[in-house]
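Values in this text are rule-based calculations from the coordinates and carry no lab data. Treat the numbers as computed from the prediction; the structure is a model and nothing was measured. Here the Cβ positions follow ideal geometry from the backbone for every residue, glycine too, while neighbour counts run over all protein chains shown.
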């Protein structure tokens, strides 16, 4: 979901573990911007066989983002030793007791059990992967963010920069990563209005109202990969406003941060 998490979660210490074989380097900017919404990336490690040329895109940005490359040779053709190395490190980090959550960056379903184990230990797990990621891995995470969205957010700025008038050459900047393969465009899907209406009815008070933040938390528990950006909206509140025939949005009072609390009601099912 595009809505920002509760401010109290901003200082959570997160371990970011990236499967270089199953994550394109082109997501790096959007990835760490997204992670910053949930906490501090205290550990940033990326796993792969760095003697292979296919990881060239990642090599260009390791220093820029202070990502520690973890070398793992492929002992046998067709077997992925990288997965095992990442899982072992994750368990070592878990037992230090220093982290509040993990960010697992991969589209590989082999990490499904790892995500479940980390959650069993009471830690938050945020997954990042392509839309082809198998459902078991997505559901094993507390939240799952599609990397196509992260790339789509960055592409407009890159396109704008490419069209800018030529000026005096600036000092050479670090080369940005190139995608291993072109990303499929994220086409807005049809908003799940019936699903949202049911969740609102399930958690609403006697008058049919529910706080928007509570709605967002309930949706994440039911669908870890729910994201308003998949439906063409930046935030959940924008999605709700766009369906005024079905939902009613109301601002109430001032919050501790000085803002307004948003409440939503299902018009057609309002009690």
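Annotations for the structure displayed:
- Computed from the C-beta positions of residue 202 and residue 117 and an R0 of 22 Å, the FRET efficiency is 0.15 to the nearest 0.05.
- With an a/c value under 1.5 for the gyration tensor axes a ≥ b ≥ c computed over the alpha-carbon atoms, region 7-152 is described as rounded.
- Sorted by Cβ density within 10 Å, fewest first, the residues 198, 44: 198, 44
- Exposure proxy for 58, 209: other Cβ atoms within 10 Å of each Cβ, ordered fewest to most, give 209, 58.
- Cβ-to-Cβ counts within 10 Å put 86, 114 in ascending order as 114, 86, the fewest first.
- Computed over region 22-132: relative contact order in percent, which uses C-alpha pairs under 8 Å that are six or more apart: 24
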